[in-house]
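This is the structure, below, for whatever I ask next.
The values are calculated or read from the model by the stated rules, or taken from the named source; none is laboratory data. Note that the structure is predicted; figures quoted are calculated from it, not measured. Please note: Cβ atoms are built from the backbone with ideal geometry, for glycine as well, and neighbour counts cover all protein chains shown.
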Amino acid sequence: MGGNTFINRNTTNGLNGNSPNKVFVGNNIYVGGNGLSMCDEPLPCSLTVTAAPDSQTITSGGSATLTASGADSYTWSNGSTDNPLVLTNVTSATTLSVTGVTGTCSATASATISVTAALSVTSPAIDQPLLVLSAGNCPVTFTGQGWGNRFVITSNSGYVFSTVFRNFSLGNNLTAPGINKPGTYTVTAYGDPGQTPVSYSFLVTGTGCN
């Protein structure tokens, strides 16, 4: 019978008390007696596949890595057979499943990737000296839009402005009044726990006022 491994498991025949041999070859069972004949009684599969991490949150445009374990080969629902699976430039939430195979047994697992918007601030004042102080235009107001939960504007002249939004929103309106001294100002956007704050600078020129 070639290089197959045979396992004899004696079972009692409830009709006559005899104990015919069952010979297991791979996933097939051969019943002994005067000869061996194959019957349709496959061995049960016992395979558990996991995908890790099963849940993660990344910033929009970031990357995520998923690793499957528990089987010999894997196929992800996006068609990839890589393991680990590296996803780049992820911009929307997704759930991926993976099927693991060992021999004729298979099992599946899934992993969910959540995406939060990237922190950013946009304003005509950023990188351009558009805020100009003068006798008839002092103080001035910084305006823009911010992607984040909290925004803080500071300067080397001691100006501090902070605003907090209840929810992370795409395009919270930012208005920072009372800027009355020239200099370099910094606006910093803060997001959810684990997100690295991002900062932008803008220049205020002209003659200050009290």
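If you check ARG150 against the conditions, is it out of contact with any strand residue (DSSP E or B) (no Cβ under 6 Å at 6 or more places or on another chain), without any contact (Cβ under 8 Å) to a residue 60 or more places away in the chain and of a type outside the set (Ser, Thr, Tyr)?
Taking the combined requirement at face value, the residue does not satisfy it.
A further question follows. Give the residue that is surrounded by the fewest Cβ atoms within 10 Å (Cβ to Cβ), with candidates limited to residues of region 183-194 that are under 18 Å from THR163 (Cα atoms) and within 22 Å of the chain's Cα centre (by Cα).
PRO193
Out of THR5, THR102, THR11, which single residue is at pLDDT 80 or above and among the β-branched types (Val, Ile, Thr)?
THR102
Condition first: of a type in the set (Gly, Ala, Ser) and at pLDDT 80 or above. Can you find one or more residues in region 32-45 that meet it?
Within region 32-45, not a single residue is of a type in the set (Gly, Ala, Ser) and at pLDDT 80 or above.
So SER120 passes all but one of these: (1) of a type in the set (Ser, Thr, Tyr); (2) closer than 30 Å to LEU47 by Cα; (3) touching a residue at least 60 places away in the same chain (Cβ under 8 Å). Which condition number does it fail?
It fails just one condition, (2).
If you take the residues of region 55-84 that are at pLDDT below 95 and assigned to a loop (DSSP other than H, G, I, E, B), which of them is surrounded by the fewest Cβ atoms within 10 Å (Cβ to Cβ)?
GLY61
Return the residues of region 183-210 that are in a loop (DSSP other than H, G, I, E, B) and within 13 Å of ARG150 (Cβ to Cβ); say none if nothing qualifies.
Selection gives GLY191, ASP192, PRO193, GLN195, PRO197.
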